[in-house]
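The values are calculated or read from the model by the stated rules, or taken from the named source; none is laboratory data. All values derive from a computational prediction rather than experimental measurement. Positions of Cβ are generated from backbone atoms using ideal geometry, with glycine treated the same way; all protein chains shown enter the neighbour counts.
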Amino acid sequence: GASNRPGPPPRTPVPGVKHIVAVGSGKGGVGKSTCAVNIALSLASTGLKVGILDADLYGPSLPKLLGIEDKPAIRDDGIFRPFEVHGLKAMSIGPMLEGNQAVVWRGPMATSALRQLLRETDWGGIDILVVDLPPGTGDIQISLVQQVELAGAIIISTPQDLALIDAKKAIDMFARVKIPVLGIVENMSYFIAPDTGNRYDIFGHGGARNAAVDLGIDFLGEIPLVMAIREGSDAGQPAVIASPEGPEAKAFKAIADQI
Ligand code: ADP
């Protein structure tokens, strides 16, 4: 009967990692990876030892964001050595794929690849591992929450209704598996035209803050839509590295301070 069915295996610590924080979103394209990288770099700028894992196996974007091109080195015992970029230890499946090769795995394969990237990487004693999740609430998210004890999750959303509806679903998923949601970030929150100084709320404004209030979770901050954020991301120079004293870096650091 159902009572005899074995439960999922117990969550076990990841070797060399103290705390794990996941960064998720309901939809793709809302800037989840951009925020994950800049939050990780902000945490590292406070002196913490920080790693970042690209769990978006179907659309890895960490290599581009961090300017990683080579395949990871592998120790004699088969353990990956993480990339060391801008003071972060980083791991992604991206550089192991050829050219435009797509990952065409069913859930169980993705789950085992995630386990390998997570547990067979020499994280070497980091305080925080930031995990950049795929968008939505699929197999990879579920497998991560079953495998490891997460300290919490951060949800990235644009102010737009459609993105927020999906963000609420992601929040619900973490609540169901009893993972604390550390808060919501509103990305692409507004745009200030550099030539005129006029402000435009391209995707609306304030939706994520309102959703946080509705759901009783923290609102961590707003990141504006800024050309330099996109340019830096494309060039492997995230905002926090490209201009550490700039307003964008300060906004990311203010978010990281609350984690
Ligand atoms: P996701 O991980 O949610 O799919 P990405 O982080 O890959 O989203 O971001 C999608 C695109 O939007 C990228 O080109 C990125 O550089 C850009 N982007 C993200 N956040 C901002 C921002 N605040 N201002 C300008 N461009 C941004």
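For segment 172-221, the set of residues classified as under 21 Å from the mean Cα position of the chain (by Cα) and aromatic (Phe, Trp, Tyr) consists of Phe174, Phe219, listed by residue number.
For the structure I just gave you, tell me whether Asp166 is closer than 20 Å to Pro60 by Cα and either at pLDDT below 90 or of a type in the set (Gly, Ala, Ser) (or both). So Asp166 does not fit the description; no. Taking first residues from segment 7-36 that are over 19 Å from Val148 (Cβ atoms) and in a strand (DSSP E or B) and partners that are within 13 Å of the ligand (Cβ to nearest atom) and charged (D, E, K, R), the Cβ contacts under 7 Å between residues at least 6 apart in sequence or on separate chains come to Ser25/Lys32. Tallying residues that are within 16 Å of the ligand (Cβ to nearest atom) and among the hydroxyl-bearing types (Ser, Thr, Tyr) within segment 34-91 yields 4.
Residues in segment 84-111 that are under 24 Å from Ala40 (Cα atoms) and β-branched (Val, Ile, Thr): Val85, Ile93, Thr111. Give the number of residues within segment 207-229 that are in a helix (DSSP H, G or I) and touching a residue at least 12 places away in the same chain (Cβ under 8 Å). Residues in segment 207-229 being in a helix (DSSP H, G or I) and touching a residue at least 12 places away in the same chain (Cβ under 8 Å): 9 in total. Of Ile74, Ile39, Ile68, Ile52, all but one fail to be hydrophobic (A, V, I, L, M, F, W, C) and without any contact (Cβ under 8 Å) to a residue 60 or more places away in the chain; the exception is Ile74.
Scanning segment 159-201 for residues that are outside any loop (DSSP other than H, G, I, E, B), within 16 Å of the ligand (Cβ to nearest atom) and farther than 17 Å from Thr137 by Cα gives Val185, Glu186, Asn187, Phe191, Ile192, Arg199, Tyr200.
With respect to (1) modelled with pLDDT of 95 or more; (2) within 10 Å of the ligand (Cβ to nearest atom); (3) basic (Lys, Arg), the lone exception for Lys27 is condition (1).
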